[in-house]
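In what follows, a structure is listed as structure tokens, so that the remarks can point back to it.
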Amino acid sequence: MALLDKTFYIETFGCQMNVHDSEKVIGTLLHEGYRRVDTEMEAGLILYNTCSIRDKAEQKVFNRLNDYKALHKKGKRFAVLGCVAQQEGEKIFERAPYVSLVSGSASYRKLPEMLAQLEAGTERITGLDDRQTEEAFETEFTARSNPHRGYITIIEGCDKFCAYCVVPYTRGKERSRTSSSVLAEARHMADAGYTDIQLLGQNVNSYKDPSGKMSFAELLTAVGQVHGIRRVRFTTSHPRDFTRDIVEAIENVPTLCDHVHLPVQSGSTDVLRRMQREYTREWYLERIAWIRAARRPISLTTDIIVGFPGENERDFEQTLALLEQVQYDAVFAFKYSPRPNTPAVSMEESVPEDVKTARLQQLLDYQREIQRANYLKHVGELVEVMVEGHNRARGQISGRSSQNMVVNFTTGAPILPALGSYLNVRITGAFPNSLLGEAVVWNAAAADRSRHPMDVPVKISVV
Ligand code: 5AD
Ligand code: SF4
């Protein structure tokens, strides 16, 4: 059955890498003459860009396919992209026979060919690579979803093989882009009016410039010096490759944000060893000490897995003690989920589900109190906020500080500041996950453009 019309609907699950991949897929589809629509019902082609990091994420896509499979009879076609596609491969056709296209992220370069096959009526199209692939998806057609803040992938894949993780299997081996192509993209984005850049990679700080010109810290510095760029973030860092020069770069380059996301996964050296994380609790804390000793206050966030096989009460208490010691500003905590093909799947001493649930809840409650106290310390400070949204009902504006904290504030003016503009906000209140404030002497004509006079003119939107 050939494709009826060239309209598409896409839904994205998972991490920022997937969100950014979808931006590139959307750009490619638009370039191939497709039109984007807002619902499955309106679309000729329905794409799901999937995540398989935990079982729950994986099940979501099969539920979605199941919900909408009747649409296949109306001539609509389904494509499964991303990590579940790469992991399950052709098995997806068995489980959901109405799917026509299955492609992992390393094959998106072939999307135009695959789309042509789809349009010609081919029923089972695959784009599946083995782990050794050198493919990376660079395209000039990226359809970025935000006109101020944009992603740049600097490294794909992962060679770390943590015992619980699917990523080395779904996204292949590590491959970095050249520093010159990253910088060209950053300049191009700055020229187009972007002021906030987020460098992406599964292990962003494992970056190795294929041209040998720059270390990761040097690349950070260079992106931070691109004219017009006011904020640079990077995610996700692996503690094993976290070097001191990254902290020095943040100290020296004002545009590098005061925030490091450094997943620890567990506070117990025993658990870390079984997880194959290749560091100890002490080794991790040494990196934290470097960051805490920086001349600027750098906010720290982390990821934690509770209930990894063999984790006992004492191990878990060490994780809580680590949270107390480090004082993170946000913690993303997950129950361990066994994943296919990973070494941890066959490990003994699995932790019962109810224990995992109880530990997760205890950890979240514990961390909430840490954050409650930490966020309160910001009351009275003046912070620069990039405007991200307006809540008209509450007359509030929301944005983010350089430390990546959500700040909800008012301006006292009838006109709201444009999305993407930067304002100085006095912090007047705090919750465990956000700050409250008031913009300082703000009027529409005086929105802060001081650091980069060449920035796009500040647009005033009346909402
Ligand atoms: N189970 C639970 N959480 C996981 N993560 C990765 N793999 C698993 C898994 N099998 C978490 C880690 C990682 C984050 C992106 O997801 O904490 O840092
Ligand atoms: Fe999920 Fe990992 Fe794939 Fe991102 S790379 S979508 S987190 S499985």
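The values are calculated or read from the model by the stated rules, or taken from the named source; none is laboratory data. Just so we're clear, the structure is a prediction, and the values are computed from it rather than from any experiment. Cβ coordinates were reconstructed from backbone atoms using ideal geometry, including for glycine residues, and neighbour counts include every protein chain displayed. Heads up: the accessible areas ignore ligands, DNA and RNA and are worked out on the full protein's heavy atoms, side chains in. Shrake-Rupley method; radii C 1.70, N 1.55, O 1.52, S 1.80 Å.
A few notes on this one:
- Among the residues of the range 322-343, those identified as at pLDDT 95 or above and assigned to a loop (DSSP other than H, G, I, E, B) are 327, 328, 329, 336, 337, 338, 339, 342.
- Entry remark, the range 261-278: residues being open to solvent by 10 Å² or more (accessible area, probe 1.4 Å) and either acidic (Asp, Glu) or closer than 10 Å to residue 305 by Cα (or both) number 3 in total.
- One residue stands out among those in the range 50-63 that are in contact with an Asp or Glu (Cβ under 9 Å, 6 or more places away or on another chain) and within 16 Å of ligand 1 (Cβ to nearest atom): the one that is farthest from residue 19 (Cα to Cα), which is 58.
- Residue count for the range 365-392 under the criterion of being open to solvent by less than 60 Å² (accessible area, probe 1.4 Å) and either under 19 Å from residue 332 (Cβ atoms) or part of a helix (DSSP H, G or I) (or both): the result is 6.
- Residues that are among the polar types (S, T, N, Q) and more than 16 Å from ligand 1 (Cβ to nearest atom) were ranked within the range 5-45; the one that is farthest from the chain's Cα centre (by Cα) is 7.
- Meets criteria (farther than 30 Å from residue 386 by Cα, crowded, with 20+ Cβ neighbours inside 10 Å and of a type in the set (Val, Ile, Thr)) for residue 153: no
- Helices (runs of 4 or more DSSP H) (entirely within the range 163-268) containing at least 3 residues that are within 16 Å of ligand 1 (Cβ to nearest atom): 167-170
- When residue 328 is tested against (1) open to solvent by 20 Å² or more (accessible area, probe 1.4 Å); (2) within 16 Å of ligand 1 (Cβ to nearest atom); (3) touching a Ser or Thr at 6+ places or on another chain (Cβ under 7 Å), only condition (1) is not met.
- Residue list for the range 125-153, restricted to those being more than 15 Å from ligand 2 (Cβ to nearest atom) and either touching a strand residue (DSSP E or B) at 6+ places or on another chain (Cβ under 7 Å) or closer than 20 Å to residue 237 by Cα (or both): 125, 126, 127, 134, 144, 148, 149, 150, 152
- Pairs, first at positive phi in the range 347-362, second modelled with pLDDT of 95 or more and crowded, with 16+ Cβ neighbours inside 10 Å, C-beta under 6 Å, six or more apart: 349/309; 349/310
- Taking the range 220-238 as the range and being touching an Asp or Glu at 6+ places or on another chain (Cβ under 7 Å) and buried (at least 21 other Cβ atoms within 10 Å of the Cβ) as the test, the residues that pass are 230, 231.
- For the range 32-63, the tally of residues that are away from ligand 2 (no atom under 16 Å from the Cβ) and in contact with a Ser or Thr (Cβ under 9 Å, 6 or more places away or on another chain) stands at 8.
- Looking at 241, 258, just one residue is under 20 Å from residue 219 (Cα atoms), of a type in the set (D, E, K, R) and open to solvent by less than 30 Å² (accessible area, probe 1.4 Å), and that residue is 258.
- Taking the listed residues 103, 107, 52, the one that is small (Gly, Ala, Ser), within 23 Å of residue 133 (Cβ to Cβ), in contact (Cβ under 8 Å) with a residue 40 or more places away in the chain and crowded, with 19+ Cβ neighbours inside 10 Å is 52, with no other qualifying.
- Residue, most open to solvent (accessible area, probe 1.4 Å), within the range 282-321, restricted to residues that are in a loop (DSSP other than H, G, I, E, B) and more than 16 Å from residue 353 (Cα to Cα): 295
- Exactly one residue out of 11, 23, 40 is of a type outside the set (Ser, Thr, Tyr), open to solvent by less than 40 Å² (accessible area, probe 1.4 Å) and at pLDDT below 95: that is 40.
- Any chance residue 402 is surrounded by 14 or more Cβ atoms within 10 Å (Cβ to Cβ), outside the structural domain of residue 160 (by TED's automatic domain parsing) and hydroxyl-bearing (Ser, Thr, Tyr): yes
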